[in-house]
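Single-structure report; data block below.
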Amino acid sequence: MNKLESRVEKVVKESFPTGTKFLDANRVVSESGRRVKDRDSWAAEWFARHLSHEQRQIVMIAEVGREIPSELTALLEQFATESSGDRRLVLWHRRSFSEMVSQLFSVFRRSRFRRRSFLGGETDTEASMEGMGWRFASSRAAIPLILDAICPRSLCVDFSAWFPALCLSTIHYFVPKNVSKEYDCTIIIPARNEAGNVREIWERLPRFGRSQEIVFVEGHSSDRTREEIETFLAEDGDRAGKLVLQTGKGKWDAVQMGIRESSCELVFILDADLSVDPEALGEIYHEVCEKGWDFINGTRFVHSMEAGAMQTINYFANKAFAWWVSVVMSVRVSDSLCGTKVFFRKHLGYVSEGLERIEEADPFGDYSMLFRLREVGGQLMDYPVHYRARRYGTTNIARWRDGVSLAKVVTIAMCSLRSRRDRVVGTEWNAATN
């Protein structure tokens, strides 16, 4: 295995949780698939022998060029139909010098970075994989040429997410096309001095999931927020809702209390200021079910914002923090401080010394959740939300004090989390030979 292949393998492993089983499709084909004539039956028999009782998440990774060999096509098509485990497909290809130069000039022309087709020249990659039973989930550039070498290895940084033109490879993630799951859902709504908003949130929240519970965490309000929540919870007995009285301070403390008071596997966080439409949670739930994302991060910078929704200085500060966090996470995050986030409870169990230091300094919890995902391995998606101006009350954010706190959090992450280039995730890489 050459250096590029080793680095791609490491990047892919870091994108999935600990305990994931990995299959090297190219090695399977070279050692088994090319010795048979009936490729379709061979693929089915191979999966029956090796994965018939496997229930863990299974990721198949394959290097592809301009075309996919027929043996590999048969393997990928069969893998899409297998019922064992939670399946993902990762394709990667080596970028030619001409592709890199073309991408670099597109940056100079201020073109947005787009997923480029690599199968069969003009053939659309996503359409090709759709025919094999796979739906596109995400893509990323990897393996920076120069920046890895000049950046101190003691810092947790990776510039590949923001400089794709300098990368040697692109990695594409796929999920089975016809597989959809349902989850039990918890919606946590921290609320402090939001008496004019909480009832509207309750009435507008869509119903989704196998089951749904709505947890309001009231944080020492000086208005009638607590009384208002108690009133509509008593009036509407058809929905599972509860009120939790916060004992500590800050949004992150409120979120943690809400998590402890709930039990569902999929957790939604929604701010109580109505800056994001409650209806958006239903759309996000559909994305999680259909595409298998581990973490959905709301982004306010895709759709046009409502007038007065964000002050100019806040806009540029949010952009700067998003860039900084992306470098630390090695995944492009367009908005690191949007209050709308969705994640799985299972990812909260991972604790490290670096994460503990981050949580102590984090005033809102956004970075605690993002950096935890980075540590456990998982796929993140930015989901565009419409950002609206506050209609009731005033913001609970202290702009300058909290800005300093956030800068401190990211600095701690850079210095205390394990370097992504050096860490080894406890996953199993299975060559899957006969």
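Apart from one condition, residue 248 fits all of (1) among the small types (Gly, Ala, Ser); (2) in contact (Cβ under 8 Å) with a residue 60 or more places away in the chain; (3) touching a helix residue (DSSP H, G or I) at 6+ places or on another chain (Cβ under 9 Å); the exception is (2). Residues that are modelled with pLDDT of 90 or more and of a type in the set (S, T, N, Q) were ranked within the range 312-360; the one that is nearest to residue 372 (Cα to Cα) is 336. When 59, 36, 64 are checked against the criterion of being at pLDDT 80 or above and in contact with a Phe, Trp or Tyr (Cβ under 6 Å, 6 or more places away or on another chain), a single residue qualifies: 59. Among the residues of the range 359-415, just one is β-branched (Val, Ile, Thr) and touching a strand residue (DSSP E or B) at 6+ places or on another chain (Cβ under 6 Å), namely 385. Identify all residues within the range 177-201 that are surrounded by fewer than 22 Cβ atoms within 10 Å (Cβ to Cβ) and in contact with a Leu (Cβ under 8 Å, 6 or more places away or on another chain); write none if there are none. 183, 184, 200 - these are the residues of the range 177-201 that are surrounded by fewer than 22 Cβ atoms within 10 Å (Cβ to Cβ) and in contact with a Leu (Cβ under 8 Å, 6 or more places away or on another chain).
Taking the criterion of being buried (at least 17 other Cβ atoms within 10 Å of the Cβ) and either modelled with pLDDT of 75 or more or more than 14 Å from residue 374 (Cα to Cα) (or both), the residues of the range 11-25 that qualify are 12, 13, 16, 20, 21, 22, 23, 24, 25. Among the residues of the range 263-270, is any in a loop (DSSP other than H, G, I, E, B), touching a strand residue (DSSP E or B) at 6+ places or on another chain (Cβ under 9 Å) and at pLDDT 95 or above? Checked against the condition, which is being in a loop (DSSP other than H, G, I, E, B), touching a strand residue (DSSP E or B) at 6+ places or on another chain (Cβ under 9 Å) and at pLDDT 95 or above, the range 263-270 yields at least one hit.
For the range 296-352, a residue qualifies if it is exposed (fewer than 15 other Cβ atoms within 10 Å of the Cβ) and not hydrophobic (A, V, I, L, M, F, W, C), and the qualifying residues are 303, 304, 306, 308, 311, 312, 315, 319, 346, 349, 350. Within the span defined as the range 136-149, one or more residues are assigned to a loop (DSSP other than H, G, I, E, B), in the same structural domain as residue 14 (by TED's automatic domain parsing) and either modelled with pLDDT under 90 or farther than 30 Å from residue 397 by Cβ (or both).
Of all residues in the range 272-300, those satisfying the criterion of being touching a strand residue (DSSP E or B) at 6+ places or on another chain (Cβ under 7 Å), in a loop (DSSP other than H, G, I, E, B) and of a type outside the set (S, T, N, Q) are 272, 292, 293, 294, 300.
The values are calculated or read from the model by the stated rules, or taken from the named source; none is laboratory data. Here the structure is a predicted model, which means the values were calculated and not measured. A quick note on method: Cβ atoms are made from the backbone with ideal geometry, for glycine too, and the neighbour counts reach across all protein chains shown.
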